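Student: Sharing a structure here in C-alpha cells format.
The values are calculated or read from the model by the stated rules, or taken from the named source; none is laboratory data. Given the structure is predicted, the values throughout are model-derived calculations rather than measurements. With ideal geometry, Cβ positions are generated from the backbone for all residues, glycine too; neighbour counts draw on all protein chains shown. The area values use the complete protein model at the heavy-atom level, side chains included, leaving out ligands, DNA and RNA. Shrake-Rupley method; radii C 1.70, N 1.55, O 1.52, S 1.80 Å.
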Amino acid sequence: MKLIVVSAGLSSPSSTRLLADRLAAATLSHLDAEPEVIELRDLATEIAQHFVTGFPPARLAAALDAVAAADGLIAVTPVFAGSYSGLFKSFFDVIDKDALTGKPVLLGATGGTARHSLVTEHALRPLFTYLRALALPTAVYAASEDWGDEGLAQRVTRAGAELARFMAPATGDTAVDVDTAAAIAPRSLTGAITSVDPADGFAVVPFEQRLAALRAE
C-alpha cells in the first residue's frame with residue numbers, strides 16, 4: 001500500500017511540511033503503508049518547463065506517476081491571497097485528468113491567521129472534486145496560533161484515521177478497516193457522520209413524537 005504526501009511549502013523548515021508529516025504519522029498509526037513525500041518546491045522549475053514544453057522532466061514525471069499509483073494522498077498547501085499557492089495549483093494542473101479518480105485525498109492547509117480556515121472548503125475541496133478525487137470529510141487547517149494546541153492534534157488524529165479507513169478497502173485489508181472504524185468520526189444509524197458518538201449512548205426520538213410533545217405544551 002502506498003501513501004503519497006504532497007507538500008507545497010516553500011521554506012525549510014516549513015509549517016506546511018510539518019502539518020503534512022503529522023497527518024502522515026496519524027494515518028500510518030492505523031495503517032501499514034509505505035509513505036513518500038513530494039516537496040513541490042524542489043520541482044518548481046520542472047513544473048514550469050512542463051507548461052512550456054508539454055513534456056515533464058524526469059523528476060516531475062516520477063512524482064506524477066507516484067501520485068497516480070498511490071492508494072491514498074495527503075495534499076497540503078500554504079495559503080496565498082486567500083487560496084492555495086500557485087505552485088500547488090500548477091502541480092495538479094499538469095497531472096493526468098484521470099489520475100485521482102476515486103482516490104482518497106486528505107486536504108490540509110497552513111496560514112498565518114484563523115481567518116483563512118475555510119480555504120480547505122472554498123478552494124481545495126472544489127479543486128479535488130473537479131479532479132474526481134474522494135476528498136475526505138475532515139480537512140485540517142493550521143493557523144500560526146494552532147501549533148501546540150490540543151484542538152489541532154485532535155483534528156490531525158481524526159483526519160489520519162479517516163484516510164486510513166478509506167485506503168484500507170482499496171487493498172482488501174478488512175482488518176485495518178475494523179481497527180480504524182472506532183477512531184473515525186462517529187456515524188449515525190443511517191451511516192451519516194454525526195457529532196454524537198453512539199458508544200456514549202443516546203436515544204433517537206422520532207420527529208412525530210417531538211411534534212406531539214410541542215402540541216401538548
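Student: Counting only residues that are among the β-branched types (Val, Ile, Thr) and either open to solvent by less than 50 Å² (accessible area, probe 1.4 Å) or in contact with a strand residue (DSSP E or B) (Cβ under 8 Å, 6 or more places away or on another chain) (or both), which one in the range 11-58 is farthest from Ile95 (Cα to Cα)? First the steps, then the outcome.
Tutor: Taking the range 11-58 first, the residues among the β-branched types (Val, Ile, Thr) are 16, 27, 37-38, 45, 47, 52-53.
Still in the list and also either open to solvent by less than 50 Å² (accessible area, probe 1.4 Å) or in contact with a strand residue (DSSP E or B) (Cβ under 8 Å, 6 or more places away or on another chain) (or both): 16, 27, 37-38, 47.
On the way: Thr16: 21, Thr27: 24, Val37: 16, Ile38: 14, Ile47: 10 Å.
Only one residue fits best here, namely Thr27.
Student: When the residues of the range 1-10 are filtered to those that are open to solvent by 10 Å² or more (accessible area, probe 1.4 Å) and among the aliphatic types (A, V, I, L, M), which remaining residue is farthest from Val140 (Cα to Cα)?
Tutor: Residue satisfying both the conditions and the ranking: Met1.
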